[in-house]
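The structure appears below as structure tokens.
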Amino acid sequence: MKRRRFLQVAGAAGAGLAAGCSSGSTDRLLPYVTPPEDIVPGIPTFYASTCRECPAGCGIHVKTREARAIKVEGNPAHPVSRGRLCARGQASLQGLYDPDRIRGPFRHTARGLEPVTWDAAIAQLAEALGAAAASGPDRVALVTGADSGALDGFYDEWLRAFRSTRRLRYETFAYEPLREASRLAFGVASVPEFDFASARYLLSFGADFLETWISPVQYTREFAEAHGFRDGGMARFVAVEPRRGLTAFNADEWIAPRPGTEGLLALALAASVVRQGRAHLVGAEADRVRGFLGRFGTQSVAEATGVDEAVVDRLAREFTAAQPSLAVGGGVAHQHRAATQTAVAVHLLNYVAGNVGRTVRFQTGRALDKLSRYSDATALVTAMAGGKVDVALVHDANPAFTLPRAAGFADAFRKVGLKVAFASHFDETAALCDLILPDHTPLEQWGALETVAGTRSFVQPAMTPVFDTRQTADVLAAVAQKAGKRVAAGAASARDLVAKGLAPAALEQTLQHGGQFGPAQQRSVYLVSDFARMAYQPPAFDGDAAGPVLVVYPSASLFDGRGANKGWLQELPDVATKIAWQSWIEVHPDTARALGLGTGDVVTVTSPHGSVEAPVHVYPGVRRDVVAMPIGQGHREYGRTAKGRGVNPLDLLGADATDASGALAFCSTHVKIQKTGRSVQLASTEGSARQLGRGVARAVSLAAARQGEVEEGPEATITDAERTAIAAAAASQRQRAYIGEYAKPQPKWEMTVDLSRCTGCSACMTACYAENNIPVVGEEQTVRHRGMAWIRLERYFEGDTSGTDWQVRQIPMLCQQCENAPCEPVCPVYASYHTPDGLNGQVYNRCVGTRYCANNCPYKVRYFNWWDYGTVGDPYFAFSEPLNWQLNPDVTVRTKGVMEKCTFCIQRIRFAQNDAKVRGRELVDGEITPACVQTCPADAFVFGDAHDPDSRVSRSKADARGYNVFDMLNARPGITYLERVIRGEGA
Amino acid sequence: MATIATPVPASAPEPTYAETNRDVIATLRPPGRKYFAGMAFILVGLAFGAFCWGYQLRYGLGVTGYTPPIFWGTYITTFVFWVGIAHSGTLISAILLLFRSGWRTAVYRTAEAMTVFAVMTAGLFPVLHLGRAWYAYWVFPYPNFRGVWSNFRSPLVWDVFAISTYLTVSSTFLLMGLIPDVAAVRDQAAGWRRKLYGLVSFGWKGSDREWRHFGKMYLYLAGFATPLVLSVHSVVSWDFAMAIVPGWHATIFAPYFVAGAIFSGCGMVITILVPLRKAFHLERYIQVRHFESLAKVCLLTASIVAYAYATEFFMAWYSGNPFERASFYNRAFGQYWWATWIMLTCNAFIPQLLWFRKVRTSIRALFVISIFINIGMWFERFVIIVTGLSHEYEPWQWSYYLPRWPELGILIGSFCWFSMWFLLFIKFFPAVAIAEVKEALPAPVRAGGHR
């Protein structure tokens, strides 16, 4: 964006804000007569709000500059996120500035799509609703996402005003089996609160709690607390699932039972705990439990699951020996027809081990508990198909995409008289609608969510709306008024609803904090005595049993597909397979060999319910009898980024494949894999899946770590004589290098990364895109390894991947800010140079593009602008209006032909330094956080001044586990990695 | 250097001075249809190359096949290739002059012209490959107010000086050597040509004094150019050797590159001389024995190059450095095995045929072998640059590069650019050094004189 345009926009926005939140445009650039108090050019303003990218409800701070939201970060005061955020949360900005957003209200007519005024649309809707309400009860259906709190109540009330109760709180992943299992086992239909942080032993039965499951940011933080190595100790984590995803990458041990038998294994574990006399049970309950579990003999379970008896007994022993422990289950990927029973089995295991009430706690008032079930959605489909619905309103949901095609949503929906979409995009559902009344995105909205018990998390607009949109609650209120109904005591807007009951001062204070965070009300639960409800029935699978079982799992970046139009999320390599932009099917190497398939071969995947085509990704992380596909791609509508990309594996699922809770069984069918003969190149960022002893990502066993031993890298091959020579050369170099400006006392910015905390979630990558104006390059360029991510997550497999006994090493790789940087001397024009405070500066304006620096960088963390991503009008322009509004004004947008790289967010360093200077104060350790450090949910990074011996980074560097990658090159990196620690069996 | 050729008895009688003048100056006659057809073909190729560069400038280097971490590819390969080609010219004209190898006289003019044009071609590539070619002048150290200054620690800056020095010296050398010949042409020309040649020959009259000065100056320039043969390609090799890329970072690079340069240059001289000799009927001047001598230089340098290959592989193993070992294993058996084996076949194996005299004295065989040498030496640079970069320290960042059409277009364009200058040269200047050929001939004797 041109500077002039930027100032215009800033001026317009500021004026708009000053005039009271009306959007509009100016033709002339006018200076402020009275400058708005909260807009100081060059100084960011933060607004506390709540992330709406998934139902977890993390608290956020939206950073605005000159009245434009430019960055989203976690709210440190918020109990869920504690200042951290995941990649999807970071990418919410791209939802705000998505060029494909619907820019105003539209009406679908026989002539096509026509713009309509808000008044006309509201009148039309009010009339239709009046008629529907008059013709009978329940003629109106309202579908929303996972809403809670004030607005949620308003929607119900509003619906009642039109004589209807057809309300769907629709989420694709609604954890029905877990809720139902809680009801069956403890009589409380609720998603419990899990305390990962205090667990000393973790057992996951297919719950991807570090990716999408319930509250991934919170769980990542807590998991890192428990599983990170500290003071000689750490929790052990065992993952039980037929497909190894990111969560199981972090496991110390991976167990892959036959799909559908995870619950059986949990029961066998519980039985083994009881048999070993380690159960926390008393009295009659103990006998009853013992009686029930007696049916699950280790031997028969071992046969059914394919897991060795000894392993079952060992796990049971370890699980109870560590106190407290925690078992979690009920992940979407392994949600089969016995999902509820599996979740019951996990509950029982926790109960037997004495974890319920300690690491598994039940609370009242979780928003997730109120979510509609999949069966409620299919019931609505039936009602619509039967002509029982006259007006259907869809808000914040896309059932036409996220319901299996076999469920027939689209056909049924078409039979509804008036279909209204409150969507931001022409997604699959909106494309079917008659009226499209675009909603504000969450960063423009008001709200007060009660996602977690005890908290009231506020949503407030961080800026004036980008387009002519209105918040759905406001529209509904206007419609009610037009139709002559009085709803919510005449509240006219979402803001009124949110502010209700709060004095202006209290409201302001609450908004500044981001909400009201009180303690959760705990509920004690007891095991029900009716064990018949807990009986385990192995799940049935559709299709020919000769074929592999299909596992369909939520994408950590695209979630259920809602993130598919965001370039940052498309370009974020999948956390496990490292493939971006595409759909794929994961096939075990042996299976692939038997079928004559290689990576990139396109296959037809056929189930009894449908078939899709996808390229093969040969992946050792699935069982031989399992294939896996991610959800998220395959949009037939939506925006330019998502549309026509990949396939939707939900098309392969049967609509009536449900479990006892009425949840859709995502793992419910065998499939047939057939070669098509075609082949594509996968957009994978992986060069080699093996580090071949090069010591990039290192790990050490717990026992060794306790002794202060570490894994050695290739520098161990250097002889002592060489080492002495290198040290002498280094010392003399250092002496000669620190002259002039460099000899003055300066901070030296360094970083440590604790690999025993890093989970590989990749939030840092998206945070870096947001902070540093990194262009999205697209699928074709990603195939050609031309992605621009300044920080990347490398993922290496270690060990023999033919079985399950192998480990995954992950490492965030970013510019190492070498003290003796190989990139610097080779640049002919000093574009790459060393700053006095120890950074490898890169002067974009000076770069002529020889790319010598990138050749000479051993870490390969320099990125070249192959195309013109930064110039308006160029075919490769990466920030098409209004995406360019998000650009960080403190960071240059790079032009074609220059090299770029991580600078430890030098703009943040300088901002803090300048601020300290202006205020005449000292910088405080921890005050400066690069974007990756700021967002890391696992708190794996430490950043600071290594010249200050008391700084956190200096202390962290001194850890025995610390190492530099490729140390023998004498580049003297400024990043010290702390080796991952793997806690082996029995340790 | 064992390059003294055993005299081959010429089948035809030695030409006389007058015949030499006539035959050589005959090459300057107005060109025929074939010449124009060839020139048209070349200009089309050049235009395509220019289009490719324009396309690349417009859209960015993305149009090439660069696949990070392979940040250098066809352009730098071709750059080093042309610099290498340039070397044999100076070797033949300067070093062999100092060694007093008589056989050089027939071929050195061609070789020297080739040097100048090859440097002119090579010099394009460092600019062509830049991300922002329009700022290429920033690498020159000159006073300016932008605070931009060259980094003298960068081998790329050394390159700038090496190449520009070499271009200056070799073109001076060429023009200097041309003076007596151009004077001979002037004497037979008329009109504007006469004026032009008069200018270029600096009014050469052929007096004893002039000859004495000319000889001294020529010797002096030869002495000046000789170290450049070694230094320029050493500097070019440091582009690689100074970097820490496994497969690049080796002390053998300078001598290895110099030998390779002479090898490729002699190969190219053969490739050019064979058709030139045929087209202009210069068989009497450029004789088989000259070719044989060139073939011997090729054989010697091919053996040095082959030894260097073996040394590289041996050192990679012997160093015990896991990165070097992996890089060289990958070079021979990895994704780029085909390039490596093309290189080895063309540069190390095929030239061994030159041990046979029959091969050395067969023009046809030599021509075919010289083509292989050209191909092999291009691939040598490709192998060093691309396989080295494709398999560096960081396993996560290993990848595979193949050139795309704009790069191939520019590669073709570079050959056309070179050929264009060469074709123009042979129509404007004597392609065989008249004066020096005459030196090797028996002095003319008046009729009835003593024989």
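Computed from the coordinates by the stated procedures, all read-outs in this text should not be read as laboratory data. Keep in mind that this is a model prediction, so the values were computed, not measured. Reconstructed Cβ throughout: ideal geometry from the backbone, glycine too, with neighbour counts over all protein chains shown.
If we count chymotrypsin sites (Phe, Trp or Tyr not before Pro) as exposed when they sit in a DSSP loop and have at most 14 other beta carbons within 10 Å, what is the longest stretch of chain A that avoids them all? Here the longest run is A:33-525.
Rounded if a/c is under 1.5, else prolate if a/b beats b/c, else oblate: with a ≥ b ≥ c from the C-alpha gyration tensor eigenvalues square-rooted, which is chain A? Because a/c hits 1.5 or more and a/b fails to exceed b/c, chain A counts as oblate.
Between the alpha-carbon centres of the range A:187-242 and the range A:707-786 there is a gap of 30 Å.
As a calculated quantity, the FRET efficiency between B:L98 and B:A40 at R0 = 56 Å, using C-beta atoms, amounts to about 0.85.
Remark: the A:K388-A:S679 segment gains 100.0 nm on full extension, using 0.36 nm per residue and subtracting the alpha carbon distance. Scanning chain A for GluC sites (Glu not before Pro) lying in DSSP loops with no more than 16 further Cβ atoms inside 10 Å, the longest uninterrupted stretch between such sites is A:38-708.
Is the shape of the range B:191-242 best called rounded, prolate or oblate, per the rule: a/c under 1.5 gives rounded, else a/b larger than b/c gives prolate, else oblate, with a ≥ b ≥ c the square roots of the Cα gyration tensor eigenvalues? Oblate, because a/c is 1.5 or more while a/b does not exceed b/c. Taking label positions 7 Å along the Cα-Cβ direction at both A:Q512 and A:A489, the computed distance is 2.6 nm, reported to one decimal.
Which log10 I(q)/I(0) values, to two decimals, does the range A:290-418 give at q = 0.09, 0.12, 0.15 Å⁻¹ under the Debye formula with one point per Cα? For the range A:290-418, the Cα-only Debye profile gives -0.47, -0.70, -0.87. For the pair the range B:270-318 and the range B:384-425, the centres of their Cα atoms are 23 angstrom apart. Across the range A:692-698, rounded Karplus estimates of 3J(HN,Hα) from the backbone phi angles (6.51 cos²θ - 1.76 cosθ + 1.60, θ = phi - 60°) give 6, x, 8, x, 6, 10, 10 Hz, Gly and Pro being marked x. Rounded to the nearest Hz, the phi-derived 3J(HN,Hα) couplings of the range A:821-831 under the Karplus curve 6.51 cos²θ - 1.76 cosθ + 1.60 (θ = phi - 60°) are 6, x, 6, 6, x, 7, 6, x, 10, 6, 5, where x marks glycine and proline. Relative contact order for chain B: 33 percent, from Cα pairs under 8 Å spaced at least 6 residues apart, divided by residue count. What translational diffusion coefficient, to the nearest whole µm²/s, does the range A:82-192 have by Stokes-Einstein, given a Kirkwood radius computed over alpha-carbon pairs, a temperature of 10 °C and 1.306 mPa s viscosity? Roughly 88 µm²/s, to the nearest whole number. By the rule of a C-alpha distance below 15 Å, with chain neighbours fewer than 8 residues away ignored, the aspartates and glutamates paired with A:K896 are A:D868, A:D874.
Can you list the lysines whose alpha carbon sits under 24 Å from that of A:K415, skipping same-chain ones fewer than 8 residues off? The reachable lysines, counting only those whose Cα sits under 24 Å from A:K415, are A:K388.
Note on B:Y318 and B:Q188: the model spin-label points, each 7 Å out from Cα along the C-beta direction, lie 5.7 nm apart. State log₁₀ I(q)/I(0) for the range A:179-278 at q = 0.18 Å⁻¹ as given by the Debye formula over alpha-carbon point scatterers of equal weight, solvent excluded. Each listed q corresponds, in turn, to -1.01.
Placing a label point 7 Å from the Cα of A:A503 along the Cα-to-Cβ direction, no residue of the range A:143-186 has its backbone N under 12 Å from that point.
Under 5 Å from the amide H of A:T64 lie the amide H atoms of A:T45, A:F46, A:Y47, A:I70, each residue being 5 or more positions distant or on a separate chain, with H modelled from the backbone and absent for Pro and chain starts. A DSSP coil position with no more than 13 other Cβ atoms inside 10 Å describes the following trypsin sites (Lys or Arg not before Pro) in the range A:888-929: A:R921. Close amide H pairs (under 5 Å, H built 1.01 Å from N) link A:E171 with A:S372, residues at least 5 positions away or on another chain. The phi torsions of the range B:258-274, fed into the Karplus equation with coefficients 6.51, -1.76 and 1.60 and a -60° offset, translate into couplings of 5, 4, x, 5, 5, 4, 5, x, 5, x, 5, 4, 4, 4, 7, 5, 4 Hz, rounded to whole numbers, with Gly and Pro shown as x.
For the range B:332-451, the residue among B:I426, B:P395, B:F349 whose Cα projects farthest onto the positive side of the dipole built from Cβ charges is B:I426.
Taking every C-alpha pair closer than 8 Å and separated by at least 6 residues, the mean separation divided by the residue count of chain A gives a relative contact order of 15 percent. Partner lysines whose Cα lies under 18 Å from the Cα of B:K427, excluding those fewer than 8 positions away in the same chain, are identified as B:K34, B:K195, B:K278. Computed from the Cα positions only, the extents of the range A:638-685 along the three principal axes stand at 41, 31, 20 Å, in decreasing order.
With a cut-off of 12 Å between beta carbons, the residues surrounding B:A189 carry a summed charge of +4, where Lys and Arg count +1 and Asp and Glu -1.
When the Cα centres of the range A:955-983 and the range A:39-56 are compared, how far apart do they sit, in Å? Answer, in whole Å: 35. A Förster radius of 45 Å combined with the Cβ-Cβ distance from A:V843 to A:R414 puts the calculated FRET efficiency at roughly 0.15.
Once C-alpha pairs closer than 8 Å and six or more residues apart are averaged by separation and normalised to the residue number of the range A:169-260, the relative contact order reads 22 percent. In loop segments of the range B:161-210 as defined by DSSP, the trypsin sites (Lys or Arg not before Pro) with at most 14 further C-beta atoms inside 10 Å of their C-beta are B:K205. Helix B:155-188 axis versus longest C-alpha principal axis of chain B: approximately 20°, rounded to the nearest ten. Considering only Cα-Cα distances, which of the following residue pairs are longer than 26 Å: A:K370/A:K500; A:K63/A:K419; A:K419/A:K485? Distance filter (> 26 Å) returns A:K63/A:K419. A Förster radius of 41 Å combined with the Cβ-Cβ distance from A:A960 to A:D530 puts the calculated FRET efficiency at roughly 0.15.
Placing a label point 7 Å from the Cα of B:E210 along the Cα-to-Cβ line, no residue of the range B:26-49 has its backbone N under 12 Å from it. Within the protein assembly as shown, DSSP assigns beta bridges of which about 60% are antiparallel (rounded to the nearest 5).
Helix-only arithmetic for chain A: the sum of -39500 (n - 2.57) across DSSP H runs with n ≥ 4, divided by the residue total, places the mean residue ellipticity at 222 nm at -8000 deg cm²/dmol.
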